[in-house]
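The values are calculated or read from the model by the stated rules, or taken from the named source; none is laboratory data. For clarity, every value in this text was computed on a predicted model and none was experimentally measured. All Cβ positions, even for glycine, are placed from backbone atoms using ideal geometry, and neighbour counts span all protein chains on display. When the accessible area is computed, the model is the full protein with side chains, heavy atoms only, and any ligands, DNA or RNA have been set aside. Shrake-Rupley method; radii C 1.70, N 1.55, O 1.52, S 1.80 Å.
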Amino acid sequence: MTDTRFDPSQADGRWQRAWDEARCFEADSNSAKPKSYVLEMFPYPSGRIHIGHVRNYTMGDVLARYKRMRGFEVLHPMGWDAFGMPAENAAMEKGVHPGGWTRENIANMKAQLKRIGFALDWSREFATCDPEYYGHEQALFLDLYEAGLVYRRTSEVNWDPVDMTVLANEQVIDGKGWRSGAEVEKRKLDQWFLKITHFAEDLLDGLGTLDTWPEKVRLMQENWIGKSQGLEFAFELSNGERLPVYTTRPDTIFGATFVAVAPDHPVAQGVAMNNCEAGKFIDRCKKGGTTAAELETAEKLGFDTGLSARHPFTGANLPVFIANFVLMDYGTGAIMAVPGHDQRDFEFATKYRLPIPRVVAASLADAAVPFGTEAEAGDGVLVNSQFLDGMEVDAAKQEVIGRAEREGWGKGTTVWRLRDWGVSRQRYWGTPIPFIHCHSCGVVPVPKDQLPVTLPEDVDFQTPGNPLLRHPTWKHTQCPKCGGNAERETDTLDTFVDSSWYFLRFASQPADRPFDPEEVAKWLPVEQYIGGIEHAILHLLYARFWTRALQHTGKLDFAEPFASLFTQGMVTHETYSRRDPDNGQRSYFMPDDVERRSDSAVLRADGFPVEIGRVIKMSKSKKNVVDPDAIIARYGADAVRWFMLSDSPPERDLPWSEAGIEGCWRFVQRLWRLFGQYDAAAQGEDQALLRKLHQTVAAVAEDIEALSFNKAVARLYELASAVDKAAPSASRSHAIRTMAQLASPMMPHLAEEGWAAMDGTGLVALADWPEVDPALLVEDEVTIAVQHMGKLRDTLTAPKGLPREELEALALASEKVQRSIDGAPVRKVIVVPDRLVNIVT
Ligand code: ANZ
Ligand code: ZN
């Protein structure tokens, strides 16, 4: 081998082609080997791979490559989560077709992924916008419909009255349509729902089995499912009606100072019939967003109905308000409001000058402590609450529930925060919902042999609203039941449905069915799933639900799709910006356009300073990004992969640094030089080096299995140093060759190049993981501290387990010790085997 540099611009493409030609990474479902399914969350084809993808996929790739070397048949697939709004936005803005735009992005991003050398099974690639894929999805949707897990009901949506379209929650910004700026209204529409609440208990219980999932994710799901124990009871109203309310804090009942109902609650509607002010107020509440989060932060608005409600214990008359923060579809749509201990009630009571009594305090003595600027939702003991005084919150809850049940005015209940999943989207670029509306037969499923219901190609995006609804012919069809004229459903499925089962289709791809259960059973559950924490709730919960729903319909025999989950940290960088003094607008600059000095930075273009901002997640809007293509072109795939694995634990954020990637590049070259020193003819053994080698092999394996990639990286640095220092020997050559195997999951191109140069046969990607000799793992040398009169004089290395007499002799032979003793007679020698020798004179 020559001593030239490793040239990734030559080597990377060559090895990528070699892997393709050898079909190294195509998974064989019929293989007799044990199976391992490694999966990273598939990307949305936005146009370009970003650095976060690179980090995510590099981690999965190391694990997949390692598992293959350990003798597993590995499934490591990739595809595209290809439906969704950005494609429609592009269509509106640039006049391109969403399909064409998406396909072009996929082609570009696939080429980018290939340049990073990921060991992916491209033979299984699909995009969720492939009619084949979404046709199977339609079939599954019909199965769930038959099983009673799909239904239709009226529900509220965000309606943009200018664009005449339904908006997704994220398109409502401060209560206004993102595009039109018009005030968003709430409208009722017939929508499709998936009955995820049917599995609420099971989804919650299942979290207990996912002990290798991050604690944080399990907690977030638990909160999202939100099982709460509470009390449902009815107030008697001054007009003689009964008003059921639901509370999770029955203990605070003596702190209730008013009662509130949702704007569309029957009591509110009843009041509005005789009171047009009430009607106006209700209309006003209909503007603005519909989500619980939005209501939480929106200004609290109320309307006093003039009615009063009788407190079940004190008999006090509490005023009844219509309030914008009470949701109709949660609990009973009405609440007892306890301003001292609920923040929303607190804000409302403050605004409308209602009393805010304290009923929970740190101790009985604190009953009169005034409130600060917020409600106190925490634990404590009950005060100002008659028979509850002095009780802890939990005991007080039980006491109130018990009394209500005995006295017959209320009932303890379990309530779930989890709502059924509304999957209707009034959009074009999604999976058409496979139903037909017939005047005589009602809602009729599309017969399975007529699937897929495909999207029309000729659509117009220049007019607002749903293109499927507007299309001149698409929706007109015949009723499958009576043959009469009928209309297709024009809603499409939430794209989260597409990502709720894609991991099954990767495992098994028959043409005539969504998947083959037996083949799926060979691969699933996914052994290691890797993705961003932003998917902690929705995607992961929906995928868990979908798997259960398919189990329920007899199509699968497991409930949890992902045995292990790992959520990786983000790649971060500081920002560079300037504020325009005229309009106050801030503009950002790319790191490449900025010259960074020790404590300042200037824009290269004009030499004037820019402000240095915090180190934050790389994002287009802040321009603190590095382009994966650019750095790969400059440093090669392996240096970039190595950087992604180095320095930070994988769950932590990774700050991008020029110095860091330079260091990786130098290490690539250093390994290359070591590979060049391989000498098949070298003679002689180097026990110490062999020991280091075997220890490294074992440790790197452990690290990769624990996804502690940064530790594996550190061990390879150490091993490289040890090899560097060692004198030529057969052991050294063996170590060099083994290093190519160890580096292969992380720096696969360099490893192949080295491997080929060292022995020329086969691909290291397909090689076995090096064997470990357990005998070489035991540390056989120990460090002995040698003291004279308790003072450290020397340290010696000695073989482990050396007998006392020999240790004593070794210690006394030390020159430093002899100098210290200085001829004085030795009275006593204390030996602690393998640790210490103390000489007493
Ligand atoms: C009295 C009370 C006192 C409450 C207190 C909370 C704290 P989670 O935990 O989210 O389930 N609530 C009930 N139905 C509601 C609705 N339709 N719209 C808005 N709020 C509603 O919330 C349950 C609590 O939210 C219930 O307990 C109720 O307020 C309120 F110190 O009752 B609570
Ligand atoms: Zn019909």
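Tabulated values for the structure
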{"read-out": "Residue satisfying all of: in the stretch 764-781; in contact with a Gly (Cβ under 9 Å, 6 or more places away or on another chain) and in contact (Cβ under 8 Å) with a residue 40 or more places away in the chain; farthest from L693 (Cα to Cα) among these", "value": "D768"}
{"read-out": "Hits in the stretch 84-102 (condition: free of Cβ contacts under 8 Å to residues at least 24 places away in the same chain and either outside any loop (DSSP other than H, G, I, E, B) or within 25 Å of the chain's Cα centre (by Cα) (or both))", "value": "N89, A90, E93, K94, G100, W101"}
{"read-out": "Single residue of the stretch 410-442 satisfying the filter (open to solvent by 50 Å² or more (accessible area, probe 1.4 Å) and in contact (Cβ under 8 Å) with a residue 60 or more places away in the chain) that is nearest to ligand 2 (Cβ to nearest atom)", "value": "R425"}
{"read-out": "The stretch 788-841, subset open to solvent by 60 Å² or more (accessible area, probe 1.4 Å) and among the hydroxyl-bearing types (S, T, Y), residue modelled with the lowest pLDDT", "value": "T797"}
{"read-out": "Unmet criterion (only one of (1) free of Cβ contacts under 8 Å to residues at least 40 places away in the same chain; (2) open to solvent by less than 40 Å² (accessible area, probe 1.4 Å)) for I173", "value": "(2)"}
{"read-out": "Entirely in the stretch 244-358, the helices (runs of 4 or more DSSP H) that have 2 or more residues that are at pLDDT below 95, small (G, A, S) and open to solvent by 10 Å² or more (accessible area, probe 1.4 Å)", "value": "292-297"}
{"read-out": "Index of the failed condition, G240 passing every other in (1) without any contact (Cβ under 8 Å) to a residue 40 or more places away in the chain; (2) crowded, with 20+ Cβ neighbours inside 10 Å", "value": "(2)"}
{"read-out": "Qualifying residue in the stretch 572-588 (condition: surrounded by fewer than 17 Cβ atoms within 10 Å (Cβ to Cβ), within 16 Å of L750 (Cβ to Cβ) and charged (D, E, K, R))", "value": "no"}
{"read-out": "Yes/no for Q695 being touching a residue at least 40 places away in the same chain (Cβ under 8 Å), among the polar types (S, T, N, Q), in contact with a Phe, Trp or Tyr (Cβ under 8 Å, 6 or more places away or on another chain) and part of a helix (DSSP H, G or I)", "value": "no"}
{"read-out": "Members of the stretch 632-647 found to be in contact (Cβ under 8 Å) with a residue 12 or more places away in the chain and surrounded by fewer than 20 Cβ atoms within 10 Å (Cβ to Cβ), listed by number", "value": "A633, Y635, D647"}
{"read-out": "Candidates D498, D494, D516, filtered to the one that is acidic (D, E), more than 16 Å from ligand 2 (Cβ to nearest atom) and over 25 Å from P98 (Cα atoms)", "value": "D516"}
{"read-out": "Close pairs from the stretch 584-606: first of a type in the set (D, E), partner open to solvent by less than 50 Å² (accessible area, probe 1.4 Å), Cβ under 7 Å, at least 6 apart", "value": "D593/L603; E595/A601; E595/V602"}
{"read-out": "Residue in the stretch 181-190 that is surrounded by the most Cβ atoms within 10 Å (Cβ to Cβ), counting only those that are touching a residue at least 24 places away in the same chain (Cβ under 8 Å) and within 25 Å of Q462 (Cα to Cα)", "value": "V184"}
{"read-out": "Close pairs from the stretch 507-523: first at negative phi, partner open to solvent by less than 20 Å² (accessible area, probe 1.4 Å) and of a type in the set (V, I, T), Cβ under 6 Å, at least 6 apart", "value": "A507/V520; S508/V520"}
{"read-out": "Pair list, Cβ < 8 Å and 6+ apart or interchain, from the stretch 197-211 residues that are open to solvent by 20 Å² or more (accessible area, probe 1.4 Å) to residues that are acidic (D, E) and assigned to a helix (DSSP H, G or I)", "value": "L204/E222"}
{"read-out": "Verdict on H573 being over 24 Å from R614 (Cβ atoms) and touching a residue at least 12 places away in the same chain (Cβ under 8 Å)", "value": "no"}
{"read-out": "Qualifying positions in the stretch 338-357 - near ligand 1 (Cβ under 8 Å from one of its atoms) and touching a Lys or Arg at 6+ places or on another chain (Cβ under 8 Å)", "value": "V338, G340, H341, D342, R344"}
{"read-out": "Condition met for G483 (within 16 Å of ligand 2 (Cβ to nearest atom), on the phi > 0 side of the Ramachandran plot and surrounded by fewer than 17 Cβ atoms within 10 Å (Cβ to Cβ))", "value": "yes"}
{"read-out": "Test: residue in the stretch 700-723 that is touching a residue at least 60 places away in the same chain (Cβ under 8 Å) and over 18 Å from A743 (Cβ atoms)", "value": "no"}
{"read-out": "Search result, residues across the stretch 606-619 that are under 11 Å from F589 (Cα atoms) and in a loop (DSSP other than H, G, I, E, B)", "value": "V610"}
{"read-out": "Condition met for V723 (open to solvent by less than 10 Å² (accessible area, probe 1.4 Å), more than 38 Å from the chain's Cα centre (by Cα) and closer than 30 Å to Q10 by Cα)", "value": "yes"}
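Table: residues versus (1) out of contact with any strand residue (DSSP E or B) (no Cβ under 9 Å at 6 or more places or on another chain); (2) closer than 28 Å to Y542 by Cβ.
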| position | (1), (2) |
| --- | --- |
| V446 | no, yes |
| P472 | yes, no |
| W501 | yes, yes |
| L504 | yes, yes |
| L524 | no, yes |
